[in-house]
1. Taking region 108-216, which trypsin sites (Lys or Arg not before Pro) meet the DSSP loop condition and have no more than 11 other C-beta atoms within 10 Å?
2. Per q in 0.18, 0.24, 0.26, 0.30 Å⁻¹, report the Debye log10 I(q)/I(0) for region 81-133, using one uniform scatterer on each alpha carbon and no solvent.
3. 7 Å from Cα along Cα→Cβ at both residue 47 and residue 145: what's the point-to-point distance in nm?
4. Sorted from largest down, what three extents in whole angstroms do the Cα atoms of region 48-205 have along their principal axes?
Amino acid sequence: MILGRRREHVQHSASVAVALGILTLALIGPVGASTTTTLDPGRLPQTRAEPAFDGSLTRQMRILWRAILSDSSALARNVFFPETAYVHMKTGLLASARTDYTDRLIGFYNLDLVAYHRLVTAGGPPTLVRVDAVRTDAAWIAPNYCENLIGYWHLPGVRLVYRHGTTIYSVAVDSLISWRGVWYVVHLGPNPRPRDVGTVDGYQAGPGRPGPPGGC
């Protein structure tokens with residue numbers, strides 16, 4: 001497997017969260033609710049539309065949370081960056097964009113899904129409390145930057161805040177990027193990582209802090 005570009009991971013205390021503009025996304029409706037579509041969005045052209053920070057991000061993260069709880073790679077693929085879009089972004093830059101997608105991105109995603117499942121369910125069935133993100137952490141990555149031919153929005157370090165009983169914990173989703181105004185996971189665990197094994201990003205007691213900004 002090929003490791004991607006290095007991004008620094010920084011721990012922040014929860015005490016500065018509100019002052020730094022964390023957007024807490026309400027969980028509306030049952031966690032089990034989701035929608036599906038047969039249209040492959042990666043076959044449609046990219047847009048400059050910035051993905052919303054309201055219900056759409058929450059819905060994507062709720063699906064991811066369900067996938068983590070059930071350790072379902074099939075469900076998790078519903079919120080992962082589309083393969084066809086990735087091939088468009090990388091063709092000509094990589095020897096085989098499709099192989100990089102399946103062997104590296106999906107390979108790590110599946111490994112991470114198992115690691116997150118083991119962690120969050122270790123104390124019994126957890127409850128997702130909220131999704132935390134910082135709107136100003138989102139940045140447009142222009143074409144031909146970060147080894148991509150097509151531009152996209154990037155959002156680092158979205159936090160899934162959950163509880164066991166009355167105790168709050170949280171984990172990070174390392175990196176989301178956009179396609180046609182929708183957020184998709186591109187790295188669940190940290191990218192890169194010391195070893196090619198499933199790795200949980202940003203686990204801590206308490207809600208933690210989203211981010212840090214930067215990366216691509």
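1. On the way: sites: 118, 130, 135, 159, 163, 180, 195; in loops: 180, 195.
Sites meeting the loop and neighbour criteria: 195.
2. -0.72, -0.88, -0.95, -1.09
3. Rounded to a tenth, the inter-label distance reads 2.2 nm.
4. Dimensions of region 48-205 along the principal axes of its Cα atoms: 50, 31, 26 Å.
No value in this document is a laboratory result; all are computed from the given coordinates. Computed from a prediction, not measured in an experiment: that's the story for all the values here. When we count neighbours, we look across all protein chains shown, and the Cβ atoms used for this are built from the backbone with ideal geometry, even at glycine.
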